[in-house]
Amino acid sequence: MRSDVRPMLHLDNGFDLRPAEATDAARIALWMAQPHIQQWWQQDWSVEHWAQELSRQTAGEHSVPCVVAVDAEDFGYVELYRVRHDRLAEYYSSDEHDWGIHVAIGDLTRVGRGLGRRLLRALADALLHSDPACQRVVAEPDIANTPSVRAFVAAGFVQRGELQLPEKTALLMVRTRTMEVLT
């Protein structure tokens, strides 16, 4: 894996982020099968498929799969990716150093309590802090995923327009380095 694809992150606000491994596949498969995630991710795959996917991502240059915890309890799945390695780069005027994030809160007891907003802010802050060349952290939630869009806005991301992706109409959500100072 190239060093520019695997960020070294320290998250504030009590979050711990670690690289996901094939041994995390059972928990991630369970999370992805939950209706509040499956509806948006559409990746309710078998444990075996998730183990293969995590191994593929870990070996490649596209994304970094992670498990996130708070108070020493794993509660979600995060993918960090360089936009230039992703198809998203075809849909907006991306910069070489843009980071993208995907977040799924798997622990249903932690949904709707402001944890997503805090996590998104901590992830964006950490990416911007760890990579001085990065000016933007982006995401592309489904326009119909109102809770996700609200969480991004509350975390300091700004809506920068709709993107018509093959599987969804998304909102381009952007957090810039200058917004980091303002939030």
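The values are calculated or read from the model by the stated rules, or taken from the named source; none is laboratory data. In this text, all values refer to a predicted model and were calculated from it rather than measured experimentally. Protein only, heavy atoms only, side chains kept; ligands, DNA and RNA dropped before computing areas. Shrake-Rupley method; radii C 1.70, N 1.55, O 1.52, S 1.80 Å.
Worth a mention:
- The range 65-109-the range 116-161 distance, computed between alpha-carbon centres (Å): 9
- Taking every protein chain into account, the accessible area of the range 110-152 amounts to 43 square angstrom per residue (probe 1.4 Å).
- Adding -39500 (n - 2.57) for every DSSP H run of four residues or longer, then dividing by how many residues the chain holds, sets the calculated 222 nm ellipticity at -9500 deg cm²/dmol.
- Solvent-accessible area assigned to carbon and sulfur over the range 1-156 amounts to 50 percent, based on a 1.4 Å probe.
- For q = 0.08, 0.12, 0.19 Å⁻¹, Debye-computed log10 I/I(0) when each Cα of the chain counts as one equal scatterer: -0.22, -0.52, -1.51
- Scalar couplings 3J(HN,Hα) for the range 31-42, obtained by applying the Karplus form with A = 6.51, B = -1.76, C = 1.60 to θ = phi - 60°, are 4, 5, 7, 6, x, 5, 9, 4, 4, 9, 8, 6 Hz; x denotes Gly and Pro.
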